[in-house]
Amino acid sequence: VNPSLINEVAEEIARLENLITAEEQVLSNLEVSRDGVEKAVTATAQRIAQFEQQMEVVKATEAMQRAQQAVTTSTVGASSSVSTAAESLKRLQTRQAERQARLDAAAQLEKVADGRDLDEKLAEAGIGGSNKSSAQDVLARLQRQQGE
């Protein structure tokens, strides 16, 4: 048996094993990212449902306030300034709720994006072992198997 050929085969096996390990890590990172995005989408859908429910309450409140305004306006002219203030307050609250929803969504997306880089940051910090094998590792393993 030609030792040079054996070493060449062992080097190719080591290269392929390293390639498989790298691809598995990429797949794992993509799965983690996908899960994070799915959670963000679910959370956003829930927030949208909450906002829609709150919007229905706001619409009902608005209709009630307009009815009260009509009754009050017909009896007392001074109530129009109070109604205007209430409507202004409602508009401000609605704008603030929309702005908060945008901020919450952006924060959620940022958390998801940060999760993708966690494995890379850990690797750069020297945390987590290397799963790469060398040609010598492959030769040693093959020799152990042949001896068995």
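Laboratory data are not the source of any read-out in this text; all were calculated from the coordinates shown. Predicted model, so just to flag it, every value in this text is computed and none were measured. Cβ atoms come from the backbone with ideal geometry, glycine included; neighbour counts cover every protein chain shown.
Of these, 83, 88, 28, which one is in contact (Cβ under 8 Å) with a residue 40 or more places away in the chain and either surrounded by 11 or more Cβ atoms within 10 Å (Cβ to Cβ) or not hydrophobic (A, V, I, L, M, F, W, C) (or both)? Talk me through it step by step, then tell me what you get.
Numbers: 83 fails: in contact (Cβ under 8 Å) with a residue 40 or more places away in the chain; 88 fails: in contact (Cβ under 8 Å) with a residue 40 or more places away in the chain.
Matching residue, one of 83, 88, 28: 28.
Taking the stated definitions as given, is residue 75 farther than 30 Å from residue 146 by Cα and exposed (fewer than 15 other Cβ atoms within 10 Å of the Cβ)? Yes; evaluated as a whole, the condition is true for this residue.
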